[in-house]
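The structure appears right after this line, and notes come after that.
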There are 2 protein chains.
Amino acid sequence: MLRIALAQINPVVGDLAGNARLIRAAVGEAASQGAQLVLVPEMALTGYPIEDLALRPSFQDAARQALDDLARELGAHELAAFPEVTVIVGCLDVLDADDQPMAGRPRRAPVNAAAVITRGLVTARYIKHHLPNYGVFDEARYFVPGNEPLLINVAGHRVMVAICEDLWQEGGPVTWARELGCDLLAVLNASPYERDKDDVRLALCQTRALEANCALAYANIVGGQDELVFDGDSLVVSSDGTLLARAPQFESAILLAELGGLPSTIAPRRDDVAEVYSALVCGLRDYVDKNGFASVLIGLSGGIDSALVAALAVDAFGPQRVFGIAMPSRYSSAHSVADAFDLAARTGLSIREVSIAPMFNAYMDALDLSGLAEENLQARIRGTTLMGVSNAEGHLVLATGNKSEISVGYSTIYGDAVGGYAPIKDVPKTLVWELARWRNDEATRQGQTPPIPPNSIDKPPSAELRPDQLDADSLPDYEVLDRLLEAYVTGDRSARDLVVAGFDQAMVERILRLTDLAEYKRRQYPPGTKITLRAFGRDRRLPITNRWHESG
Amino acid sequence: MLRIALAQINPVVGDLAGNARLIRAAVGEAASQGAQLVLVPEMALTGYPIEDLALRPSFQDAARQALDDLARELGAHELAAFPEVTVIVGCLDVLDADDQPMAGRPRRAPVNAAAVITRGLVTARYIKHHLPNYGVFDEARYFVPGNEPLLINVAGHRVMVAICEDLWQEGGPVTWARELGCDLLAVLNASPYERDKDDVRLALCQTRALEANCALAYANIVGGQDELVFDGDSLVVSSDGTLLARAPQFESAILLAELGGLPSTIAPRRDDVAEVYSALVCGLRDYVDKNGFASVLIGLSGGIDSALVAALAVDAFGPQRVFGIAMPSRYSSAHSVADAFDLAARTGLSIREVSIAPMFNAYMDALDLSGLAEENLQARIRGTTLMGVSNAEGHLVLATGNKSEISVGYSTIYGDAVGGYAPIKDVPKTLVWELARWRNDEATRQGQTPPIPPNSIDKPPSAELRPDQLDADSLPDYEVLDRLLEAYVTGDRSARDLVVAGFDQAMVERILRLTDLAEYKRRQYPPGTKITLRAFGRDRRLPITNRWHESG
């Protein structure tokens, strides 16, 4: 029997000292609970992804030093009473000129590594074999791949080490583990959340355990890093695929399991919508907290998008750290300010009202604007107002755009698009409604006041930038639009495919064209939490200058 | 003797039909001038870089079809009277499942290819061997590499084909050309401009010709594509490294050369500053024209940055397409509006004046702003004014920030940072002055009015957002700042290195910290022409959430 612990921690990119403290605390706790092997996830010591920091010599040197320091400190303190405990830590390492596996690389080659720490020393090193270079991943830019297995002995058990993508690809550690007759495949991960990925992940771990013919431990980080949120979901399966232990999502945890023993902690899964909501709270909370902001500021229109963002913020920070401004104009409906104040009353956030009329009149006197220019002006006065209050009071402004409108460019650059973070930028409008309804139902189930005004959920969506304007005047029904965008943005389906699938040809061509043309706006949009298979940002990289247009 | 032509054309990303027309015209012209071999640069048929379009099946299919159509049309028209002419065209191709060279790749694998066209048919194909995946390049994301030489016979001459990075790396086509005793190494390129790169390029071509022991033809595209500008600079060297022909930079051209003949056209090089100026004009012109804008709009402060941007715009588009707005505030110096109007008089651009005072007063009455919030407010009123006029009249707004201030975050997000394009975002402040002086001197040399008011060049730089404000109050002297930023941003030097190199420690730590903290602003900054070895944007990718800080 081998007692293992998976340290599901929340590191911060670049915070070598802080991450080392997290690791030491987790290892100390695990050892005191009898763990013989502690797995600390992929690049937990540096945070992930570190992007071009991987290429900076001063950071490389500091990361190596931090690893040596960590080993020594563990040996001297947390593991002083537990000298037999083995720790495997994900870290950045550097191959020097004389141990580079590939020709034509720079003299110092960074590697995505796992360091084995025993008795205060780094005693072995594994280098990630499969480097992901698709979607949000650019590991071919940063790292050279390793080609050698690392098999270590822990209390008489044969343990094969792997890192993240090694588990998803054929060959490498999974094959080596089977060929070398291992007892455990220990996988360190920094695997970002995507909707439904946890189901895929468990199934994959079970399949790979069978293929490797040994138990498998999957240790993942948790927490937000810019556009990514890591859900944790660390788990252990036996060699026959039985789930032995599973950590919760979006929370730090130390998961203990006994190989050859009975199943232990198996945290329940959340429902799909609840899981997305948790991902959004976690991504928002960590962006704000890790960047040192004390509070957030939201323009509250009375509509569903800003209401959902406010509910997420209140769940992330508590109402004392959330500030809202209602900024009515001549085209605002009678209920919009009332709905915003209802939201504030329900959640406890601070709200104030600033009429944009004086600024609007000043601009209209100075400039000759009408139509779209006049609509955008209102949005930009609101943006400037939010930024002014942000500068004066220190809040981080949150942009409230959803994925559907960001897709088709139904947003005003430097207007409603202002903000340091955009919590729901990867959430299609139909899912915005689902999340709002779920959150209110959840409150009701728990005997609390539903945070989101029912009127914000039920009224027809409108930007309220001209009289009686409705989204439905310019866009298809959101149910249709979101299915179409999912097929185009995530599925890379052609216009012809979409027409064959039953969408109206003129609508397909118009929506695809709008989506292509809005690329320039998306480049200047704030970052926000990725929850879908393909988010805007580093996940989907298209030129702005681009004359390719799909036709049906 | 072999007569070759290099088609230095300016393709547009995604414009398969338009690019095919450019190629047909160039091939027709080359053939009529007696060329036996015509080289059309890397991915000229699709434009470069196409980014994730490479992964979209509908675009892959269209690109393959466009190649077949191009071959057929050339055979039927431009080359009907020249059946012996061989054309080599850079294109996107796709390997089907049964001819994939690598395991674990998706079923359809895009390749960066060179197609050989003879007698109306694609008769051979080369696949790029070395895929660049550093700096601005992400080719490992898009393409699978080829591993086989393509040696073709053109009028009795043995021609080895290569694509761009193949020339910069050891092994592959250079080696194959020597081993197989070739007469010509034909290299198709999409090689972006960087300051001083043309010198490196010629030296490299000469070195490689000697290594390959054959003549070398280097065909490059020209023109702007989002952040990149391609300078052309196509050239031919003999096997002993003698320069036989060289095309101009930043202009479309058909370069003819005779292998075994005497040197022909050798376009003179521009001086360094003149070359940068041309790069900026070319990048700006193509962004605006390829995106279909009729005119540009610039906020004219009377300062050097906006004056240089205006001069570039007038050189790119003529004064009829350039519009400026002077937007004085209570803190504007007496000369700022006068300098802006002087600029307009010198260049012929259209100028108007809009006082921001009424809007400023309206905001100040509605909000309680002071200090930095009040400074930013002025910049944001100007941004909103520019965007309002842009929306009303259809101009593309140009942002006027330079690299020095974008580095340290000395700019107001949604204020002076608004715009669709930022022509000088990669130009350090000291180079801004050099460019302005060079442009004025050039006008004087040509007997024209210098476009930039001498007062804009000579006065001390100031944002004029509070009384008597000067850049020098908050920043080191720009000569010092630019040397420091060059070492940090481009050179990745550590704080300690910089202190050892003689920079003041407190200044180093402060400037590096400001640069790191401004990452969030740069993410939302408009694209602009890359001219240095490392531009902000895809060239330098750093996390926003990042606790790594250099200390000296």
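The values are calculated or read from the model by the stated rules, or taken from the named source; none is laboratory data. The structure displayed is predicted, hence computed values, not measured ones. Positions of Cβ are backbone-derived with ideal geometry, glycine not excepted, and every protein chain shown enters the neighbour counts. These area figures cover heavy atoms from the full protein model, side chains too; ligands, DNA and RNA do not enter into them. Shrake-Rupley method; radii C 1.70, N 1.55, O 1.52, S 1.80 Å.
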For the range B:475-552 and the range B:121-176, what is the centre-to-centre distance using only Cα atoms, to the nearest Å?
36
Would you tell me the accessible area of A:Thr449, worked out with a 1.4 angstrom probe on the heavy atoms of the protein chains, in Å² to the nearest 10?
90
So what's the back-of-envelope 222 nm ellipticity for chain A, counting only DSSP H runs of four-plus at -39500 (n - 2.57) apiece and dividing by all residues, rounded to 500?
-11500 deg cm²/dmol
What figure in square angstrom, to the nearest 10, would you give for the accessible area of A:Thr118 with a 1.4 Å probe?
40
1/(1 + (r/R0)^6) with r = Cβ-Cβ of A:Leu121 and A:Leu204, R0 = 25 Å, i.e. FRET efficiency to nearest 0.05, evaluates to 0.15
Taking Cα atoms, the helix A:304-317 axis meets the longest principal axis of chain A at an angle in degrees (rounded to 10) of 40
The range B:382-424: which residues show an accessible-area loss of 40 Å² or more, assembly versus chain alone, 1.4 Å probe?
B:Thr384, B:Met387, B:Asn391, B:Tyr414
Between chains B and A, the summed loss of accessible surface on complex formation, probed at 1.4 Å and reported to the nearest 100 square angstrom, is 6400
Between B:Ala294 and B:Ser350, how high is the FRET efficiency from 1/(1 + (r/R0)^6) when r is the Cβ-Cβ distance and R₀ = 22 Å? Nearest 0.05.
0.95
Taking all protein chains in place and a 1.4 Å probe, what share, in percent, of the accessible surface of the range A:183-245 do carbon and sulfur account for?
48
Accessible surface, the protein assembly as shown, averaged per residue in Å² (probe 1.4 Å):
34
If unit charges are put on Cβ atoms (+1 for Lys and Arg, -1 for Asp and Glu) and the dipole of the protein assembly as shown is taken about its Cα centre, the option from B:Leu284, B:Ile544, B:Cys164 lying farthest towards the positive end turns out to be B:Cys164
With every protein chain in place, the residues of the range B:23-53 shedding 10 Å² or more of accessible area versus the chain by itself (probe 1.4 Å) are B:Glu51, B:Asp52, B:Leu53
Just to make sure I understand: if all protein chains stay in place, what is the order of B:Ser404, B:Ser370, B:Ser333 by accessible area at 1.4 Å, largest first?
B:Ser370, B:Ser333, B:Ser404
Using only Cα atoms, tell me the angle between helix B:272-290 and the longest principal axis of chain B; keep it within 0 to 90° and round to the nearest 10.
90
Could you give the distance between the Cα centres of the range B:381-439 and the range A:327-387, to the whole Å?
27
Over 22 Å between alpha carbons, listed pairs B:Lys425/B:Lys521; A:Lys530/B:Lys521; A:Lys197/A:Lys403; A:Lys197/A:Lys521; B:Lys429/B:Lys521; A:Lys521/B:Lys290:
A:Lys197/A:Lys521
Would you jot down the residues in the range B:477-506 that end up with at least 10 Å² less accessible area in the complete protein assembly than in the chain alone, with a 1.4 Å probe?
B:Tyr488, B:Asp492, B:Ser494
Between A:Ala274 and A:Thr449, what's the calculated FRET efficiency when r is the beta-carbon distance and R0 is 30 Å? Round to 0.05.
0.95
Ordering A:Asp482, A:Asp69, A:Asp365 from largest to smallest accessible area (1.4 angstrom probe), what's the sequence?
A:Asp365, A:Asp69, A:Asp482
Could you point to the residue in A:Val94, A:Phe59, A:Ala20 farthest towards the positive end of the range A:12-104's charge dipole, with +1 and -1 charges on the Cβ of Lys/Arg and Asp/Glu respectively?
A:Ala20
Using DSSP, restrict attention to beta bridges with both residues in the protein assembly as shown and report what percent are antiparallel, rounded to the nearest 5.
55
When the accessible area of the range A:386-530 is computed with all protein chains present and a 1.4 Å probe, what percentage of it is carbon and sulfur?
50
Cβ-vector label at 7 Å, A:Glu479, separations to other copies in nm:
7.1
Please give the helix A:371-393 orientation as an angle from the longest Cα principal axis of chain A, in degrees from 0 to 90, rounded to the nearest 10.
50
